[in-house]
Every structure is written in structure tokens, then in C-alpha cells.
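Have a look at the structure below before the remarks.
Taken together, the values in this text are just the output of simple stated rules run on the coordinates, not laboratory data. Fair warning: this is a prediction, and the values are worked out from it, not measured in the lab. No Cβ is skipped: glycine too gets one built from the backbone with ideal geometry, and neighbour counts run over all protein chains shown.
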Amino acid sequence: MHARPRIPMASLKADDLPGESPGVYALYRDGVPMYVGLAENQSIRGRFWGSHRGRGVSMTGSALRRNVAEHLGIATARSIKKGDYGPTLDDARRVVEWIDDCEATWIECATPRAAKNLEDDMKAEYKPPLTQR
């Protein structure tokens with residue numbers, strides 16, 4: 001994954017992402033893999049763009065956004081997912097700004113099983129801090 005081309009999140013468009021294939025995607029910040037995610041039951045575009053590129057206050061559908069919120073000291077990912085903490089507009093803005101300072105890359109896979117295996121391998125190898133929550 002390290003050798004793959006990366007696109008700055010601030011300029012990433014939905015059409016940049018594969019719309020048909022399962023796969024694995026990663027976010028890098030300052031060259032360090034921060035998050036590895038899986039698009040197993042939908043395309044990379046559907047999972048990554050549909051769940052993680054949100055700009056509203058809801059973060060319940062995005063582990064990435066919840067984990068970034070925790071990383072920024074806003075609230076725990078668990079409390080956001082459970083609804084114990086409702087992010088504010090300012091919280092959402094901070095999360096979006098942090099994500100926009102990252103770069104994204106991905107690998108398409110032939111099957112959902114291949115994508116899951118690749119994700120497991122990448123998490124074990126890179127130990128991205130925002131994925132381990």
C-alpha cells in the first residue's frame with residue numbers, strides 16, 4: 001500500500017474512487033498510515049465516500065470519523081457510536097479539517113474475501129493508530 005499513488009483528501013472526488021470493486025483503503029498523514037478500512041460488501045466508493053467523507057455532525061456510520069474525533073480529544077469513539085455524545089458543528093469541522101489534511105489510497109480486490117484478508121494483513125503490518133480503537 002505504501003507504494004500506491006495517494007490523493008489529498010481535500011481534493012478527492014467520488015469519481016476518483018472505484019465504483020464497482022470491493023477492496024481496502026488507507027489514509028496517510030505525513031507519510032504515516034493512520035487508518036485502514038475495508039469495503040467488503042460494497043464498492044470502495046460506496047463505503048469510503050458514502051461513510052467517511054461526510055461533513056455533517058453525524059459520525060455514527062463512520063469508524064474513521066469517530067476515531068478521528070477521539071484522536072482529537074472530542075469524545076471517545078464508543079460514546080459517539082452509542083449516542084452518549086452528540087458531536088457539535090465545531091466537532092465535525094475539526095474532524096473534517098483533520099481528514100482533509102490526509103492522503104488516501106486504495107487497492108481493489110477481486111472478491112470480498114480477498115479484501116478482508118488484505119485488510120487483516122495491512123492492519124497487522126502497519127498497526128495504524130486510528131484503526132486499533
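Here are the numbers for this structure:
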| item | result |
| --- | --- |
| Cβ-based charge dipole, the chain, positive-most Cα from I80, I107, G19 | I80 |
| Cα-based reach from K116 at 16 Å (exclusive), listing lysines while leaving out same-chain residues under 8 positions away | K127 |
| FRET efficiency, V57 to K127 (Cβ-Cβ, R0 25 Å, nearest 0.05) | 0.25 |
| Residues in region 47-80 reached by a label modelled at A10 [backbone nitrogen below 18 Å; 7 Å Cα→Cβ] | 53-55 |
| Mean residue ellipticity (222 nm) of the chain, computed from DSSP H runs ≥ 4 via -39,500 (n - 2.57), nearest 500 | -9500 deg cm²/dmol |
| Size of electric dipole in the chain: Cβ of Lys, Arg +1 and of Asp, Glu -1, about Cα centre, debye, nearest 20 | 320 debye |
| Cβ-derived FRET efficiency at R0 22 Å, A3 paired with K81, nearest 0.05 | 0.10 |
